[in-house]
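No lab work stands behind these numbers, since they all come straight from the coordinates. All of these numbers come straight from a predicted model, not from anything done at the bench. Here the Cβ positions follow ideal geometry from the backbone for every residue, glycine too, while neighbour counts run over all protein chains shown.
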Amino acid sequence: MADIKADASLDLRGILCPINFVKTKLKLETMDVGQVLEVVLDDGEPIQNVPKSIKEEGHKIVEVKKEGEHFRLKIQKR
Amino acid sequence: MVDKFIEDKVTRVPLKKDGQEVKVDFNDLKSGGFIKQRQKDLFAVRLRCPGGRIDTKKLIEIAKIADKYSKKGVIHLSFRQSLEILYVDYKEFDSLVRDLEKIGQKVASCGPRVRVPTACGGCEYNPNGLTDTQQMAKMVDEKYFGTPCYHKFKISFSGCPIDCARTREMDLGFQGVVEPTWDEDTCTGCTICSKACKEDAIVSHPETGKPIYDPLKCIYCGDCIRACPTESWQAKRYGHFVRIGGKHGRHPREANEVANFIPNEKVPEVIEKTLEWYKINGKKGERIGKAIDRVGVESYTKFMESVFKSGEPVPTGKV
Ligand code: HEM
Ligand code: HEM
Ligand code: SF4
Ligand code: SF4
Ligand code: SF4
């Protein structure tokens with residue numbers, strides 16, 4: 001599958017729950033509907049929690065890639 | 001034993017004030033909710049707040065009433081989600097109850113009967129919630145509150161397996177569950193569900209990343225459903241996990257797990273049939289957990305078979 005182009009990016013490695021989600025949310029608020037935000041999340045709690053919360057806010061996770069000890073998520077603003 | 005204690009205390013005090021007869025409605029006292037304090041003539045009055053939820057308008061009025069009747073001007077938040085107005089003079093019971101009635105607030109109960117049900121926030125506003133615990137608590141309060149039993153009978157509702165309302169230590173507990181079901185076609189193998197599952201019930205396939213699900217480890221929390229970006233995990237059915245015979249206190253007893261996926265509409269039948277079994281098999285002064293230890297949990301699960309069939313009986317009745 002071809003990589004989805006991101007309009008913005010956040011490196012959230014080392015950022016704890018729920019601040020990582022709050023940062024994601026704040027960033028998404030500055031973006032337009034349909035734009036894509038890329039976030040990099042640590043394995044463990046962040047990857048357990050953040051995707052759920054993003055979905056609860058109504059956004060769509062369009063791509064997930066595991067890169068060693070972290071995950072690269074692409075989120076489309078809804 | 002508890003009731004007797006309260007009533008004895010009450011009947012021993014002269015029901016006169018300034019030469020006037022003081023009217024105390026003993027039916028109110030018997031149904032409890034008036035608890036003798038260590039201070040002479042003073043009682044704690046426990047209010048009926050199913051699920052620990054109170055309208056703000058009503059709360060304001062309760063506060064005014066508490067301020068009027070509590071000699072110390074204090075309320076205590078009880079461990080079963082009730083408001084207790086402390087330091088109330090028994091001579092003012094009548095007028096207090098009348099004031100409470102005016103705002104539609106009832107007094108709770110003590111003694112051997114079905115107590116006010118407790119409940120967590122549940123699915124109405126808690127993201128983890130799977131069942132509408134507040135609605136269920138309201139229903140139980142309306143239908144079963146005060147039903148006489150051999151001992152106290154406590155019912156609670158938790159919205160999910162985190163079990164904030166502690167169904168394990170209730171006479172009868174209902175805890176929300178959801179059964180996940182997976183659709184292979186839409187799954188992209190992203191592995192998020194295996195990360196989201198805190199029970200190791202999902203392991204990702206080493207090559208495809210797709211989930212390998214172990215129902216024996218699954219506790220039906222729905223984390224996988226909430227986490228999956230492609231909605232490949234879906235809710236097959238929601239329901240209540242049922243626990244029986246738990247208690248707290250000096251000698252806690254962890255409840256027996258007896259049924260899973262009981263639908264909302266079968267909850268009343270579970271309560272009614274359980275109280276029926278208790279009536280047949282229990283003894284005066286004995287909690288239902290004790291009766292289960294004495295008679296055997298199989299007796300109970302067999303009796304409940306017809307209603308537990310609406311979900312899935314837990315075959316071992318294991319603790
Ligand atoms: C006037 C006396 C009593 C009143 C009004 C009363 C009422 C209650 C209430 C409302 C609770 C739960 C309270 C909360 O969490 O806020 C409770 C808990 C408990 N009470 Fe009582 N009770 C009384 C006396 C007794 C007595 C005499 C016993 C035993 C001999 C007893 C055994 C227990 C136990 C074991 C619990 C723990 C909860 C559980 O088993 O689930 N209580 N009581
Ligand atoms: C103002 C008076 C009282 C209040 C507010 C009160 C309240 C409570 C509450 C809230 C509990 C439950 C605690 C829990 O579930 O975590 C409880 C339990 C209990 N109460 Fe009372 N109660 C009162 C009077 C009495 C009296 C007069 C007796 C004795 C005759 C009594 C004996 C007990 C016993 C034995 C328990 C169970 C604790 C255990 O088994 O370890 N209480 N009470
Ligand atoms: S039991 Fe579950 S639904 Fe209820 S308050 Fe706790 S986490 Fe929320
Ligand atoms: S429902 Fe909960 S325990 Fe069961 S597989 Fe999903 S995340 Fe794991
Ligand atoms: S989270 Fe959803 S898409 Fe990702 S592996 Fe699990 S089922 Fe498949």
Seminar exercise, completed: Contact order relative to length for chain B, counting C-alpha pairs under 8 Å separated by 6 or more residues, stands in percent at 13
Exercise. Relative contact order of the range B:55-125: what whole-number percent is it, with Cα pairs under 8 angstrom and at least 6 residues apart?
Worked result: 23
Exercise. Between B:T56 and B:Q135, what FRET efficiency follows from the Cβ-Cβ distance if R0 is 25 Å, with the result rounded to 0.05?
Worked result: 0.85
Exercise. How high is the FRET efficiency between A:E45 and A:D7 when r is their beta carbon distance and R₀ equals 30 Å, given to the nearest 0.05?
Worked result: 0.65
Exercise. Got the relative contact order for the range A:8-76 handy, in percent, Cα pairs under 8 Å and 6 or more residues apart?
Worked result: 36
Seminar exercise, completed: Ordered by number, the trypsin sites (Lys or Arg not before Pro) in the range B:252-301 that occupy a DSSP loop and have at most 13 other Cβ atoms within 10 Å are B:K283, B:K284
Exercise. In the range B:86-141, what chymotrypsin sites (Phe, Trp or Tyr not before Pro) fall in a loop by DSSP, with at most 12 other Cβ atoms inside 10 Å?
Worked result: B:Y125
Seminar exercise, completed: Here the whole-number average of other chain Cβ atoms within 10 Å per Cβ of A:51-58 is 4
Exercise. What angle, in degrees between 0 and 90 and rounded to the nearest 10, separates the Cα long axis of helix B:56-69 from the longest principal axis of the Cα atoms of chain B?
Worked result: 30
Exercise. Roughly speaking, what is the centre-to-centre gap between the range A:1-64 and the range B:129-156 when only Cα atoms are used, to the nearest Å?
Worked result: 41
Exercise. Quick one: helix B:2-12 against the long Cα principal axis of chain B, what's the angle to the nearest 10°, folded into 0 to 90?
Worked result: 10
For this session: Quick one: grab the alpha carbon gyration tensor of chain B, order the square roots of its eigenvalues as a ≥ b ≥ c, and give me rounded if a/c is under 1.5, else prolate or oblate depending on whether a/b is larger than b/c.
Result: prolate
For this session: Assign one of three labels to the range B:45-119, namely rounded, prolate or oblate, based on the Cα gyration tensor with a ≥ b ≥ c the square roots of its eigenvalues; rounded applies when a/c is under 1.5, prolate when it is not and a/b is larger than b/c, and oblate otherwise.
Result: prolate
Exercise. For B:S156, what charge total do you get from the other residues with a beta carbon under 11 Å from its beta carbon, if Lys and Arg give +1 and Asp and Glu give -1?
Worked result: +3
Seminar exercise, completed: Per-residue average of other protein chain Cβ atoms inside 10 Å, peptide A:70-76 -> 1
Problem set entry | Check: the protein assembly as shown dipole with +1 on Lys, Arg Cβ and -1 on Asp, Glu Cβ, in debye | 2000
Exercise. In the protein assembly as shown, which cysteines lack any other cysteine Cβ under 4.7 Å from their own?
Worked result: A:C17, B:C49, B:C110, B:C123, B:C149, B:C160, B:C187, B:C190, B:C197, B:C218, B:C221, B:C228
Seminar exercise, completed: Heads up, chain A by the C-alpha gyration tensor (a ≥ b ≥ c square roots of eigenvalues; a/c under 1.5 rounded, else a/b over b/c prolate, else oblate) looks oblate
Problem set entry | Cα→Cβ-extended label distance, 7 Å offset, between B:H251 and B:I219, nm | 2.8
For this session: Count, for each residue of B:55-64, the Cβ atoms from other chains sitting within 10 Å of its Cβ, then give me the mean as a whole number.
Result: 0
Exercise. Does anyone have the angle between helix B:133-144 and the longest principal axis of chain B? Alpha-carbon axes, 0 to 90°, nearest 10?
Worked result: 50
Exercise. Among A:Q35, B:A259, B:Q81, whose Cα sits farthest toward the positive end of the charge dipole of the protein assembly as shown (+1 at Cβ of Lys/Arg, -1 at Cβ of Asp/Glu, about the Cα centre)?
Worked result: B:Q81
For this session: Between B:E124 and B:S95, take the C-beta separation as r, use R0 = 51 Å, and let me know the FRET efficiency to the nearest 0.05.
Result: 0.90
For this session: Mind checking the range B:28-71 for trypsin sites (Lys or Arg not before Pro) that DSSP puts in a loop (not H, G, I, E or B) and that have at most 15 other Cβ atoms within 10 Å?
Result: B:R38, B:K40, B:R53, B:K71
For this session: Would you mind pulling out the separation of the Cα centroids of the range B:52-108 and the range B:179-246, in Å?
Result: 46
